[in-house]
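Engineer: Take a look at the following structure, please.
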Amino acid sequence: MLERVIFIRHGQTDWNKEQRLQGQTDCLLNDTGRAEAREAAERVAALFSPAIIYTSDLSRARETAEIISSRLQLEIISRPGLKEISFGTMEGRPLALLQTEFSAYWQAWLNNRQEEKFTPPGGEKITDFRSRLVTEFMAIVKEDRGLEVLVVAHGGVLKQLLGWILQLPWDQAIPVRVPNTCALITERHQDTWR
């Protein structure tokens, strides 16, 4: 029975470095991101024994998973349900400009955090995103591929899954900082995850 899931955020991309909103735009790792992935592989090898790697199908997560897999010699299974949230027309924009270019969205976030006002223009509703992630997490748990698995995904994915595990509302999970190649570990305690 699966007892531990190790989540790792992908390595750095140029858009991370430039502080641009990526969402589902398919960005590649840069050299720093590849070095971060190699360091993450060493940390995982020293501390854990995952049986398999699940990854988002976006290139930045997939490449991070491949680098880790080359060190650990593990099978990789791509899971489209682990993609980052779609930010629609906001993707590619510098974070510093979002306050002015998408002021209605920004004000909805600052003032009331109502989910219907928090859907990015042309993007994915935050509660639909979280629901997709929980469904994907439960499917991975049911596959029962060993005692421990590794999941390589995105900052928003890790925040919302951590929030769900900790029983936080969706909006309380958003401010959590998840640096590139940060690891979050959840373990099964009876029938719950912590």
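Engineer: Can you work out which of the residues in segment 73-86 that are surrounded by fewer than 21 Cβ atoms within 10 Å (Cβ to Cβ) and among the aliphatic types (A, V, I, L, M) is nearest to residue 137 (Cα to Cα)?
Structural biologist: Looking only at segment 73-86, we keep the residues that are surrounded by fewer than 21 Cβ atoms within 10 Å (Cβ to Cβ), and these are 73-81, 86.
Filter once more, keeping what is among the aliphatic types (A, V, I, L, M): 74, 76-77.
Details: 74: 19, 76: 16, 77: 13 Å.
It comes out as 77.
Engineer: How many residues, within segment 162-193, are open to solvent by 40 Å² or more (accessible area, probe 1.4 Å) and not aliphatic (A, V, I, L, M)?
Structural biologist: Of the residues in segment 162-193, 13 are open to solvent by 40 Å² or more (accessible area, probe 1.4 Å) and not aliphatic (A, V, I, L, M).
Engineer: Scan 107, 73, 19, 99 and give me the residue that is within 17 Å of the chain's Cα centre (by Cα) and of a type in the set (S, T, N, Q). Walk me through it before giving the result.
Structural biologist: Details: 107 fails: within 17 Å of the chain's Cα centre (by Cα); 73 fails: within 17 Å of the chain's Cα centre (by Cα); 99 fails: within 17 Å of the chain's Cα centre (by Cα).
Being within 17 Å of the chain's Cα centre (by Cα) and of a type in the set (S, T, N, Q) holds for just one of 107, 73, 19, 99, which is 19.
Engineer: Could you list, in sequence order, all residues of segment 120-161 that are in a loop (DSSP other than H, G, I, E, B) and open to solvent by less than 10 Å² (accessible area, probe 1.4 Å)?
Structural biologist: Start the filter on segment 120-161 by keeping residues that are in a loop (DSSP other than H, G, I, E, B), which leaves 120-125, 144-147, 154.
The answer is 120, 154.
Engineer: Then there is this: Within segment 178-194, restricting attention to residues that are in a loop (DSSP other than H, G, I, E, B) and among the hydrophobic types (A, V, I, L, M, F, W, C), which residue is farthest from residue 37 (Cα to Cα)?
Structural biologist: Taking the candidates together, the pick is 178.
Engineer: Contact list please: Cβ distance under 9 Å, first residue in segment 16-45 and at positive phi, second residue open to solvent by 70 Å² or more (accessible area, probe 1.4 Å), pairs at least six apart or on different chains.
Structural biologist: Pairs that qualify, where the first residue is at positive phi and the partner is open to solvent by 70 Å² or more (accessible area, probe 1.4 Å), are 19/95; 19/96.
Engineer: Also, quick follow-up: Return yes when residue 22 is in a loop (DSSP other than H, G, I, E, B) and among the polar types (S, T, N, Q) and no when it is not.
Structural biologist: Yes, satisfied.
Results for (1) at pLDDT 90 or above; (2) open to solvent by 80 Å² or more (accessible area, probe 1.4 Å); (3) of a type in the set (Val, Ile, Thr); (4) part of a loop (DSSP other than H, G, I, E, B), shown as yes or no for each residue.
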| residue | (1), (2), (3), (4) |
| --- | --- |
| 54 | yes, no, no, no |
| 63 | yes, no, no, no |
| 68 | yes, no, yes, no |
| 71 | yes, yes, no, no |
| 92 | yes, no, no, yes |
| 97 | no, no, no, no |
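Residues are listed down the side, and each one gets a yes or a no for (1) at pLDDT 95 or above; (2) under 25 Å from residue 11 (Cα atoms); (3) β-branched (Val, Ile, Thr):
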residue: 111; (1), (2), (3): no, no, no
residue: 118; (1), (2), (3): no, no, no
residue: 128; (1), (2), (3): no, no, no
residue: 136; (1), (2), (3): yes, yes, no
residue: 155; (1), (2), (3): yes, yes, no
residue: 159; (1), (2), (3): no, yes, no
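Engineer: To continue, here is another question. One residue is enough: does segment 1-13 have a residue meeting the conditions over 13 Å from residue 180 (Cβ atoms), over 14 Å from the mean Cα position of the chain (by Cα) and surrounded by fewer than 17 Cβ atoms within 10 Å (Cβ to Cβ)?
Structural biologist: Yes, because at least one residue in segment 1-13 is over 13 Å from residue 180 (Cβ atoms), over 14 Å from the mean Cα position of the chain (by Cα) and surrounded by fewer than 17 Cβ atoms within 10 Å (Cβ to Cβ).
Engineer: Can I ask one more? Is it the case that some residue within segment 166-178 is under 26 Å from residue 41 (Cα atoms), in contact with a His (Cβ under 9 Å, 6 or more places away or on another chain), at pLDDT 90 or above and β-branched (Val, Ile, Thr)?
Structural biologist: For segment 166-178, residues under 26 Å from residue 41 (Cα atoms), in contact with a His (Cβ under 9 Å, 6 or more places away or on another chain), at pLDDT 90 or above and β-branched (Val, Ile, Thr): present.
Engineer: With modelled with pLDDT of 95 or more, within 15 Å of residue 179 (Cα to Cα) and surrounded by 15 or more Cβ atoms within 10 Å (Cβ to Cβ) as the only criterion, which of 18, 36 stands out?
Structural biologist: Unique residue meeting the criteria: 36.
The values are calculated or read from the model by the stated rules, or taken from the named source; none is laboratory data. What you see is a predicted model; the values in this text were computed from it and never measured. Positions of Cβ are generated from backbone atoms using ideal geometry, with glycine treated the same way; all protein chains shown enter the neighbour counts. For accessibility, only protein heavy atoms count, side chains too; no ligands or nucleic acids. Shrake-Rupley method; radii C 1.70, N 1.55, O 1.52, S 1.80 Å.
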